[in-house]
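The values are calculated or read from the model by the stated rules, or taken from the named source; none is laboratory data. Keep in mind that what you see is a predicted model, and the values were worked out from it rather than measured. Ideal geometry is used to build each Cβ from the backbone, glycine not excepted, and the neighbour counts take in all protein chains shown. The area values use the complete protein model at the heavy-atom level, side chains included, leaving out ligands, DNA and RNA. Shrake-Rupley method; radii C 1.70, N 1.55, O 1.52, S 1.80 Å.
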Amino acid sequence: MIIECPYCDSKVDGEVKGEHTSYNPEDDPYPFKAVLLKCPACHSALLGGSDQIQTGPTTSEWSSLTRLWPQQETYIDWEIPEIARNSLIEARRCYKAKAYDACTVMSGRTLEGVCQDHSTKGTNLIHGLKELKDKGIIDERLYLWGEELRKHRNIGAHATKEKITKDDAKDLLDFAQAICDYVFVLNAKFNRFMERKDIAK
Ligand SMILES: [Zn+2]
């Protein structure tokens, strides 16, 4: 079965060592299959997952394998909207390519995406972030992270002698990721939790 091996950095035809299909219609309407594979080149263990997809009224097939472990670098929670997600993916690509200035610029653009998704009135990041804080969408700490990211984004974006270091680029990328997780993933989770609580009442 075809899976991406992170150690070989390429798609490989993994040797299937075992698999298990589970089906729990209450949680997920589609059967799910976990597959343990061995990379034929480096012999690493890889875990893939596949969903059974309906292809017609009576037909279905398994989707191509998504690597679950080691976790894919491109994995981004689906709750993060496209406007922020695309920049976050770009930022990770830049980091992997050791383009640290570009990575920080893309991390900054991720925050612009967060602002745009919340339709902040301020068109630039400095006002957008403040508005997110004032509306309670981000708290004081995340606001400070966002501010640092914004300042470094400006260093990365303009022709100066200052360079963004690898460590700083990684931290700033993690800040952008954490802000997205907080604003989109955890907030959505919390709202669903509260809805369930209301229904239960
Ligand atoms: Zn491999």
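Here are the numbers for the structure shown:
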| read-out | value |
| --- | --- |
| Where labels lie 7 Å past Cα in the beta-carbon direction, separation of LEU47 and THR21 in nm | 2.1 nm |
| Net dipole in debye of the range 1-80 [+1 Lys, Arg Cβ; -1 Asp, Glu Cβ; about Cα centre; nearest 20] | 380 debye |
| Full-stretch length increase - ASP139, GLN71 - with 0.36 nm per residue and alpha-carbon distance subtracted | 21.6 nm |
| Residue-averaged [θ]222 nm for the chain, counting only DSSP H segments that reach four residues, each worth -39500 (n - 2.57) | -14500 deg cm²/dmol |
| Extension gain from ALA159 to ASP13, taking 0.36 nm per residue of separation minus the Cα-Cα distance | 48.1 nm |
| Radius of gyration and maximum dimension Dmax of the range 2-69, Cα, Å | 13.3, 41 |
| Accessible surface of TYR143 - all protein chains present, 1.4 Å probe, nearest 10 Å² | 30 Å² |
| Per residue accessible area of the range 82-197, 1.4 Å probe, in Å² | 58 Å² |
| Candidates GLN72, GLN177, GLN54, ranked by Gaussian network fluctuation over the chain, Cα under 10 Å, top entry | GLN54 |
| Mean projected area (nm²) of the alpha-carbon convex hull when the chain is viewed from all directions | 15.6 nm² |
| Computed accessible area, LYS163, all protein chains, 1.4 angstrom probe, square angstrom | 150 Å² |
| Accessible carbon and sulfur surface of the chain relative to its total accessible area, %, 1.4 Å | 53 percent |
